[in-house]
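The values are calculated or read from the model by the stated rules, or taken from the named source; none is laboratory data. Since the model is a prediction, treat every value here as computed from it, not as a measurement. Here the Cβ is made from the backbone with ideal geometry for all residues, glycine too, and neighbour counts use every protein chain on show. SASA here: full protein model, heavy atoms, side chains in, ligands and nucleic acids out. Shrake-Rupley method; radii C 1.70, N 1.55, O 1.52, S 1.80 Å.
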Amino acid sequence: MNAQQLPSKEHGLYRSLVKCYEGKMYKKGIKHADAVLKKFPDHGETMVMKAMCLYCIPERKGEALDLAKKGLGKNINSSSNWHCVALLHKQEKNYPEALKAIRMAMMKDPENQNLMREWGSLQAQTRQMEGYWQARMQSLKTRTNLKWHWSSLALAAFLNSNSEMSVALCQSYESQFKLKGEKKEKDPAEAWEMSEMVAFHAFVLEEAGKYTEAVELLTGDTGELCLDFVTRHETLARLKMFLGETEAAAEHFRTLFKLNPENETYVLGQMACNPSFKRFFPPLPRP
């Protein structure tokens, strides 16, 4: 029998090992791993999963990476082995090695969504924004029906200073996944996901200096999908100040002040909108 293939009994123990790791029962998981390795000492995936458990036990943490590398050497064709090694390097903040390992994992299993998510996350953590964009684009191509692929790609475009693309992706998200009235009430989690996307859309427009478009977004039909009352009014107050609509901005600040009278920003905002206090405040930058 191939050393990397387990009979049914040991395969069951290996599955129990994985469940123990996921359930944070690390010592029990190590016992399952030892039971497998007693009969199959060269089984790479068991060695790597044992290493994952060891890493989570402070007094045995130092053994983990060496054992994981040894297990990887026994089975370099396993995408899960490469993924686990990447996670260990990530925990050690060794991001270059983590990226190398996750790329190898993706070569073994190019359609794995978890690997794509991890790859994108590592690209962002290492500030490789072009790579982050490519990772999110690849994810979207594989599953266009997943909302988080669209929102992640919109964020990646923004981080790559491509505001126009980010806005276009936000609009695509809003049109594809817009909730109807009944569904909105039945699924508040999805309603809040849409709310956050609309708020991000407005933020991108504001950062791009498109203040009028941002106001139109938040005051139109799409803006009603933004359930975050505070964020919506704070953004509108800020935008209308930039546009010189001080009376309208002051009204938003008054609404916010009634909600939270201890927030000094709302008081200062109202003062900045009052012509009587103009000499105390420098002029706002031009849009």
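At a glance:
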{"item": "Residue pairs meeting the criteria (Cβ under 8 Å; at least 6 apart or on separate chains; first outside any helix (DSSP H, G or I), in the range 243-264; second crowded, with 16+ Cβ neighbours inside 10 Å)", "result": "L243/Y211; L243/V215; N260/Y266; N263/L256; N263/F257"}
{"item": "Residue under evaluation T126, criteria (1) in contact (Cβ under 8 Å) with a residue 24 or more places away in the chain; (2) surrounded by 19 or more Cβ atoms within 10 Å (Cβ to Cβ), criterion not met", "result": "(2)"}
{"item": "Selection status of W150, of a type in the set (F, W, Y), within 30 Å of Q5 (Cβ to Cβ) and either free of Cβ contacts under 8 Å to residues at least 40 places away in the same chain or open to solvent by less than 20 Å² (accessible area, probe 1.4 Å) (or both)", "result": "no"}
{"item": "Residue check for K141: open to solvent by 50 Å² or more (accessible area, probe 1.4 Å) and farther than 22 Å from L243 by Cβ", "result": "yes"}
{"item": "Answer residue from the range 16-33, given it is open to solvent by 70 Å² or more (accessible area, probe 1.4 Å) and in contact (Cβ under 8 Å) with a residue 12 or more places away in the chain and is farthest from the chain's Cα centre (by Cα) among those", "result": "K27"}
{"item": "Out of E130, E118, E164, sole residue that is modelled with pLDDT of 90 or more, part of a helix (DSSP H, G or I) and not polar (S, T, N, Q)", "result": "E164"}
